[in-house]
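**Q** Have a look at this one.
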């Protein structure tokens with residue numbers, strides 16, 4: 001029996017998290033297949049086929065999969081599930097929407113946000129915003145899970161898997177995709193950026209959030225992030241929230257500016273390679289996870305730092 005990875009993509013580009021999911025799937029030492037569902041997503045299928053360790057790419061083309069809803073993705077996965085002992089994806093909004101439905105249809109448990117895969121269907125995952133690690137074992141015939149992408153290395157792009165096509169079930173007509181609004185930015189995507197500059201509620205307003213952080217982010221070629229408190233206060237849009245209920249990031253460099261370091265936020269950035277914190281409160285919890293800390297007024301320190309960067 002093989003492993004099935006559900007590929008997340010935007011119709012043009014495969015999500016980098018798929019490469020991490022492939023590395024995670026290698027724990028079973030079985031054939032790895034990748035499902036690419038979309039409409040005329042040939043370029044995405046070819047990208048998936050180039051991932052080292054992938055034996056086969058299954059391409060499902062249909063007009064209703066151009067903007068797929070969770071019900072259609074779940075029905076598609078279940079229609080081919082008899083050939084697989086493990087169905088997994090990187091942990092994201094996309095997979096959290098679709099895979100629980102798959103688990104329910106297959107009458108098995110859904111195991112989310114796995115940090116480590118051990119033998120005999122045993123997994124390590126976190127609870128209480130990462131403060132407690134639990135080890136669980138599943139006895140289900142089919143394992144359905146999502147993996148914490150940043151805990152796994154990205155598989156290289158040196159593969160040459162075969163690409164096959166499958167028929168797709170008819171569309172689920174009780175739910176419809178209506179529209180979407182995308183935030184357009186020249187900055188890197190938050191989820192895949194190598195450098196992230198994040199701000200907290202201490203910035204005081206949306207205008208200060210933009211005027212203080214944007215020049216630094218632009219000089220570093222960084223993505224902008226925000227705490228939940230800053231988002232709730234209206235200083236930043238919801239799609240750049242970093243944390244347990246936002247985006248989980250693991251960049252090479254994470255700069256936390258005016259961020260207190262609440263558990264909800266640190267859960268989303270604790271896997272960053274280097275963390276720099278700027279806060280005028282020396283007792284702020286963010287300094288407990290920071291590699292470098294500066295106790296200073298952010299309105300003095302950040303412009304000075306920005307000016308010093310050539």
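Read-outs: derived from the displayed coordinates by stated rules, not from any lab. Just so we're clear, the structure is a prediction, and the values are computed from it rather than from any experiment. Positions of Cβ are backbone-derived with ideal geometry, glycine not excepted, and every protein chain shown enters the neighbour counts.
**Q** At a temperature of 4 °C and a viscosity of 1.567 mPa s, determine how fast segment 168-225 diffuses translationally according to Stokes-Einstein, using the Kirkwood radius over alpha-carbon pairs as Rh; express D in µm²/s, rounded to the nearest whole number. Mind dumping the intermediate values first?
**A** Working: Rh = 14.1 Å.
Translational D for this selection: 92 µm²/s.
**Q** If each residue of separation counts as 0.36 nm, what is the full-extension length gain between residue 283 and residue 154 once their alpha-carbon separation is subtracted? Spell out each step's value before the answer.
**A** On the way: separation 129, 0.36 × 129 = 46.44 nm, distance 3.61 nm.
Extending this stretch completely gives an extra 42.8 nm.
**Q** Continuing with this model, one more query. Compute a Gaussian network model of the chain, connecting alpha carbons closer than 10 Å, and tell me which residue from 121, 61, 29 fluctuates the most.
**A** Of 121, 61, 29, the most mobile in the Gaussian network model is 29.
**Q** Could I ask something else about it? Restricting to the chain, compute how many DSSP beta bridges are antiparallel as a %, nearest 5. Mind showing how you got there, number by number?
**A** Numbers: 11 of 56 bridges.
Among the beta bridges of the chain, antiparallel pairing accounts for roughly 20 percent.
**Q** PRE reach from residue 252 (point 7 Å along Cα→Cβ): which of segment 1-44 fall under 16 Å by backbone N?
**A** Of the residues in segment 1-44, none has backbone N under 16 Å from the label point off residue 252.
**Q** From the C-alpha gyration tensor of segment 1-75, pull out the three semi-axes of the equivalent ellipsoid (sqrt of 5λ each), sorted largest to smallest, in whole Å.
**A** Working: eigenvalues 86, 34, 21 Å².
Over the Cα atoms of segment 1-75, the ellipsoid semi-axes are 21, 13, 10 Å.
**Q** Then there is this: In whole angstrom, note down how far apart the Cα centers of segment 166-199 and segment 268-310 are.
**A** 30 Å
**Q** Given points 7 Å out from each Cα along the Cα-Cβ axis, report the residue 210 to residue 122 separation in nanometres with one decimal.
**A** 5.3 nm
**Q** Another one. On the principal axes of its Cα set, how long, how wide and how thick is the chain? Give whole Å, largest value first.
**A** 60, 40, 40
**Q** Calculate, in nm to one decimal, what residue 172 and residue 92 gain on full extension: separation in residues at 0.36 nm each, minus their alpha carbon distance. Mind dumping the intermediate values first?
**A** Values: separation 80, 0.36 × 80 = 28.80 nm, distance 2.23 nm.
Length gained between residue 172 and residue 92: 26.6 nm.
**Q** Measure nothing fancy, just the Cα-based angle from helix 93-106's long axis to the longest principal axis of the chain, in degrees from 0 to 90, nearest 10.
**A** With rounding to tens, the tilt is 30 degrees.
**Q** Roughly how many nanometres apart are two label points built 7 Å out from the Cα toward the Cβ at residue 192 and residue 78?
**A** Roughly 3.1 nm, to one decimal.
**Q** In nm, to one decimal, how far is the residue 132 label point from the residue 299 one, both placed 7 Å along Cα→Cβ?
**A** 4.2 nm
**Q** Please work out how much length the chain gains when fully extended from residue 180 to residue 2, using 0.36 nm per residue of separation minus the C-alpha to C-alpha distance, in nm with one decimal.
**A** Numbers: separation 178, 0.36 × 178 = 64.08 nm, distance 3.49 nm.
Full-extension gain reported as 60.6 nm.
**Q** Please work out, to two decimal places, the log10 of the ratio I(q)/I(0) at q = 0.09, 0.11 Å⁻¹ from a Debye calculation in which every Cα of segment 2-165 carries one identical scatterer.
**A** -0.26, -0.39
**Q** For residue 165, put the label point 7 Å out on the Cα→Cβ axis and report which residues of segment 27-54 keep their amide N under 19 Å from it.
**A** 34-49
**Q** Find the relative contact order for the chain and round it to a whole percent, using C-alpha pairs within less than 8 Å whose residues are 6+ positions apart. Write out the running numbers ahead of the final one.
**A** Working: 675 pairs, mean separation 45.0, N = 310.
Value for the chain: 15 percent.
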